Every structure is written in structure tokens, then in C-alpha cells.
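Participant: The structure that follows is given in the form of C-alpha cells.
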Amino acid sequence: MDCRPLGRAATSLLAVFLAGTVVPAAPAAERPVFSLAAAAAAGDGESGPAPVAFSLAEGTAPEASGPAAEAAGPAAPMPKKWRRFLVQEGIMAVYSTIKYWSEYHTWIEDWQFELTFADQYKRFLTTQAITFDSNAYATNWTHVLGGALYYQMARTNYLTWAESVLASFACSAIYEYVSEWREVISINDMALTTFGGYSLGETWFQVGDYLHHRRSPVLRALGFVNPVNELNQWLDRKNPASQAYPEPGWAAMAISVAGWHSAEAGRPSYGAARVEIETELVRIPEYGRTGTFKKLLRDTSLSELAAGVTLKERRPEDGNVVGGPAEEIDVTARVVGLSWYSQSIDELGRGSAFSIGLGSALSYVRKRPIIYDARGARVHIEPPPATPTDFRDKMTVAHMFGPVVDWTLFGRGVRVRAVADAYADFALMNAFAFNAYSQGSDIEGMKTTLCYYGYYYAYGGTASARVDVDWGNLGVRALVSGHAWGSWQGRDRFQDSITNNARASDTRTRFLVRAGWRFGAVPLRVFAGIEGIHRWGKVGDVRAAGSETRTFAGLSYLF
């Protein structure tokens with residue numbers, strides 16, 4: 001399967017620039033209006049693990065749009081740039097195909113179809129080729145990045161979020177069916193590109209667009225975090241409508257640094273440093289302000305994006321782990337695309353806001369891998385890892401869709417917010433019990449990715465609840481989340497070679513309590529807290545459980 005979204009992204013962006021400068025605009029159509037339900041899908045900051053060096057910052061007052069927007073006055077909505085979107089997506093697809101075939105020797109192990117009528121009939125007109133693939137975890141999770149890039153090509157050309165999701169799905173399908181005509185149609189690639197690409201892509205778009213429309217030159221420069229948006233905004237710079245930007249009702253962005261201590265069952269405890277960036281945008285101008293109204297919102301109402309890394313030096317007891325100082329990497333994204341919103345707040349700032357919406361999220365977690373999990377062994381060509389194995393925890397979870405309920409109580413000097421959400425999940429899941437299973441059982445003949453890389457394709461669900469209390473300069477958060485997954489049985493790329501189709505299942509529960517204090521008008525906040533994670537897994541008849549307790553304290557810069 002295509003495993004190079006990161007490698008092809010930079011070159012694609014250059015090609016996109018050349019295309020965008022010569023493509024005329026399509027006939028006018030409305031750009032989606034950004035309005036939103038109360039900060040909806042916060043869950044636990046993850047639906048996987050939320051970063052622990054999280055800022056408890058209060059929302060910043062929204063800035064006015066740029067001077068150009070103020071001078072321009074009312075303008076017609078930006079048209080959807082259909083032709084530019086198609087050309088940009090096409091250039092990216094052509095580039096990706098050329099790159100894939102220029103590195104064909106890397107993927108020969110995946111080839112099992114010829115360019116014959118019989119083989120291509122199987123691929124296009126039957127379900128025989130629709131399977132899970134056998135690629136390494138490091139290869140497969142990056143399809144989320146490819147999906148997010150596909151998504152940008154559509155969203156930054158003023159398509160709605162729903163149209164952009166369909167664009168990601170279509171681009172993924174064309175690549176799977178046409179560009180990789182020698183390979184299976186990968187179920188996991190399609191799922192992560194579409195659903196993971198949406199959650200990450202929409203939050204990426206919202207952050208970039210928000211920064212692009214700031215007054216501050218520094219913040220505007222940070223808008224290049226989304227170069228696709230910056231490119232298309234530059235191409236549209238002469239159209240006054242491109243300068244219009246509906247300000248969010250609430251925005252919070254922070255960079256945090258924290259000291260971290262982890263105590264994990266069965267492994268040595270350690271101290272580390274934690275660095276993280278996090279953002280949250282509530283996309284409704286009236287949120288938290290005086291007024292009473294109800295509305296149905298069809299555009300993105302909440303956008304959250306956070307990325308964090310835990311850093312520590314390698315020690316002798318780390319054994320055969322590889323990589324640099326990044327002991328753990330976490331990325332979380334969350335959006336609410338459709339919601340019903342109700343608010344009633346009086347002149348004294350007292351009242352409440354309530355929303356119920358349809359949300360989607362992404363969780364990526366990877367601890368520093370063991371040596372045989374950091375490379376793509378060629379399955380059924382090279383032998384599986386020696387037993388007993390020592391795979392480290394990892395997961396990529398596309399929380400595809402689910403309800404999000406959000407309620408906020410506003411008082412004089414205090415705000416209390418409660419959020420509950422639940423999702424149907426598709427996941428690449430590390431089998432927590434696999435190391436224990438490998439101590440007394442032969443692993444050959446098991447599910448291909450489980451045998452070689454310690455993870456399996458999973459379905460399941462996530463539920464979480466969170467309460468935030470902001471009282472003056474003090475902020476407190478408490479949350480709990482639960483996750484359960486089971487393995488897909490069947491549709492392995494080498495299903496006929498599986499002699500031990502043992503079922504795998506996993507759960508993950510988490511709690512977090514955190515408090516922070518802001519220094520008045522200074523954009524700094526100190527915080528401290530405790531987090532607990534419990535993992536349980538089963539492979540066949542073998543069960544295993546473990547827990548990790550993390551304590552932390554640090555400082556956030558708010559902007």
C-alpha cells in the first residue's frame with residue numbers, strides 16, 4: 001500500500017503552487033458559513049490520550065479580521081474553486097503514482113495481481129481483492145497524513161467539510177484501484193485516509209485559517225503551519241471576499257513545557273520532559289455572550305488539535321528500543337461538523353449554553369519502538385521476530401462518528417462546562433497481551449500484522465466525560481474515558497495462510513485531574529496534575545493487564 005504520505009507531501013505542495021497560478025476560478029458558489037455549537041467535542045482531549053501538559057487557559061478574546069477585511073466591507077461569499085481543486089488533487093495523484101512506481105522494488109512483496117483481464121476483473125468487480133494489508137505500523141498510520149493533505153486540497157478551495165471528506169475518499173479509492181493496480185484494495189488505508197484524514201485535516205485547516213487572519217505579524221506568519229491554505233489564500237488575495245473571516249466565539253492556543261514522571265507496571269520508572277502545542281476553536285460568534293437563541297449548525301462548530309512529545313535519554317535498561325529522545329508521541333484531533341445549539345445568557349453574564357452534535361476524532365499514540373517494530377520486515381519473506389516479543393504500546397484510532405453533548409453554565413466570575421461523547425472506532429491497535437502470549441506459544445500462522453508487528457485491525461468504541469471549572473485565575477479539569485476494541489476476523493491479506501486465527505481484544509481506561517493558575521493578564525499559567533492509564537488485553541486464552549501513573553507540573557505560554 002502507499003506508505004509515503006509524508007515523503008510525497010512537500011513535492012506535492014510545490015506542484016500544487018504551479019497548478020494554482022494558472023487555473024481560472026469556477027462559477028460562484030457559496031463558501032460555507034462558519035457557525036458553531038458550544039465547544040462541543042472535548043471528551044478527554046483525546047478519545048485516546050490527551051496531552052498531559054495541557055493548558056487550562058481561558059479563551060482569548062477574538063481579534064478583529066485584518067485591516068483589508070474591514071476596509072472592504074460586505075462582500076459576496078467566495079466561490080468554490082472546483083477547477084483548481086481538481087487540478088491540485090490531480091497533480092498530487094500523478095506525483096504519488098510516479099513516486100510509487102519509481103520505488104517499485106520496495107513494494108514487490110505487496111504485488112499479487114497482474115495486468116490481465118482476469119486479475120483486474122477480481123480487483124474491480126468482485127470483493128476478492130478488498131482486504132486488510134500486511135504493511136508495518138510505521139507505514140500504515142501515515143495514511144492519516146495523506147488523507148489530511150487530500151482534505152486540504154478541497155477545503156482550502158472553499159468546499160464544505162462534507163465535500164472535502166468525499167474528496168479524500170475518492171482520491172484514496174482512485175489511488176487504491178488505479179495507481180496500485182498490482183495490490184489489494186486496502187480496507188485500512190481507505191478507512192484511515194477518509195476518517196482520520198477528516199479529523200486531522202479539518203482541525204489543521206481551522207488552525208491555519210485562524211492564524212492567517214490575525215492582526216499580529218507573528219501569528220500571521222504561524223499561519224504557514226498550513227502551507228496549502230496560505231498558497232490558495234495568496235492566489236485569491238485580490239478578491240475582497242477572501243479576506244472575510246467570521247471570528248470564533250472562543251479561542252485558546254498554548255505551548256506547554258512540563259516535567260514528567262512515569263511509573264509503569266513491569267518497567268522501570270523514569271523522569272522526562274514534555275513539550276506540546278494545543279489549540280481549540282469554538283466556531284460561533286455568540287458563544288458565551290448575552291443573548292437567547294437556538295439554531296441548527298451545519299458547518300464545523302468545534303476544532304481541537306494537540307501534538308505532544310515526551311523526551312528522555314536512552315538508558316541501558318531500555319534494551320533494544322530505537323530512535324531518538326522521543327519516548328512517546330501523541331497527536332489528537334477532534335471536530336464537530338453538525339450540531340443543534342441553544343443558548344440563554346442575561347445581561348449579567350449568567351446563563352447556559354447547550355449543544356448536541358455529530359463529532360469525529362483521531363488519536364495517535366506511539367511509545368518508542370523496539371528494533372523489530374521500527375522497520376518494515378517483508379512478511380512471508382523474512383521470519384517473524386524472535387519470541388518472546390517486547391512490543392511497545394501504540395495505536396492509531398479513527399473515532400469515525402458519534403454523538404457529542406456539551407453543556408456550559410456561565411456565572412459571575414465562574415464557568416462550569418461538562419462534555420460527554422461516544423464514538424464508533426476503527427483502529428490499528430497494539431495487542432497488549434501479545435508479549436505474554438509469545439512467551440509460551442508459537443506466533444507463526446497468526447494474523448499477519450499481529451505476528452510481524454504486534455498490532456491488529458480493530459473495531460470498537462470510545463466513551464468519555466469531562467468537567468472543566470474556571471473560577472477567576474484558577475482552572476481545574478477532571479475527566480475519565482473508556483475504550484474497548486476487538487479484532488477483525490477474516491480479510492487478512494494472507495487469510496489462507498493463517499493457521500491460528502486467535503481473536504485479540506483490548507481495553508484502555510484513563511483518568512486525569514489537573515489544576516492551573518494564570519498570572520493575571522500575563523499570558524502564562526502554571527499547572528500540575530496526575531494521570532492514570534490502565535491497559536488490558538487478551539490474545540486467544542492469554543490475558544495481560546498493566547497500568548501507568550503519570551505526575552507532571554509545568555508552564556504554559558498562552559497566545
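The values are calculated or read from the model by the stated rules, or taken from the named source; none is laboratory data. Source: prediction; values computed, not measured. Every residue, glycine among them, receives a Cβ derived from its backbone with ideal geometry; neighbour counts consider all protein chains shown.
Participant: Taking the criterion of being surrounded by fewer than 19 Cβ atoms within 10 Å (Cβ to Cβ), touching a strand residue (DSSP E or B) at 6+ places or on another chain (Cβ under 9 Å) and on the phi > 0 side of the Ramachandran plot, would at least one residue in region 541-553 satisfy it?
Facilitator: Scanning region 541-553, I find no residue that is surrounded by fewer than 19 Cβ atoms within 10 Å (Cβ to Cβ), touching a strand residue (DSSP E or B) at 6+ places or on another chain (Cβ under 9 Å) and on the phi > 0 side of the Ramachandran plot, so the answer is no.
Participant: Given the structure, is ASP506 in contact with a strand residue (DSSP E or B) (Cβ under 9 Å, 6 or more places away or on another chain), of a type in the set (Asp, Glu), part of a loop (DSSP other than H, G, I, E, B) and in contact (Cβ under 8 Å) with a residue 60 or more places away in the chain?
Facilitator: no
Participant: Right, another one. Given region 72-167, what helices (runs of 4 or more DSSP H) lie entirely inside it while holding 1 or more residues that are of a type in the set (A, V, I, L, M), at pLDDT 95 or above and surrounded by 23 or more Cβ atoms within 10 Å (Cβ to Cβ)?
Facilitator: It comes to 143-155.
Participant: I've got another one for you. Across region 205-258, which residue is farthest from PHE410 (Cα to Cα) among those that are surrounded by fewer than 21 Cβ atoms within 10 Å (Cβ to Cβ) and among the aromatic types (Phe, Trp, Tyr)?
Facilitator: TRP234
Participant: What is the number of the single condition among (1) closer than 30 Å to LEU450 by Cα; (2) touching a residue at least 24 places away in the same chain (Cβ under 8 Å) that LEU358 does not meet?
Facilitator: Condition (1) is where LEU358 drops out.
Participant: A follow-up question, please. I'm checking my understanding of the structure. Among residues of region 311-340 that are in contact with a Leu (Cβ under 6 Å, 6 or more places away or on another chain) and surrounded by fewer than 16 Cβ atoms within 10 Å (Cβ to Cβ), which one is modelled with the highest pLDDT?
Facilitator: TRP340
Participant: Here's another thing I want to ask about it. Could we say that PHE169 is within 22 Å of THR279 (Cα to Cα), among the hydrophobic types (A, V, I, L, M, F, W, C) and in contact with a helix residue (DSSP H, G or I) (Cβ under 8 Å, 6 or more places away or on another chain) here?
Facilitator: No.
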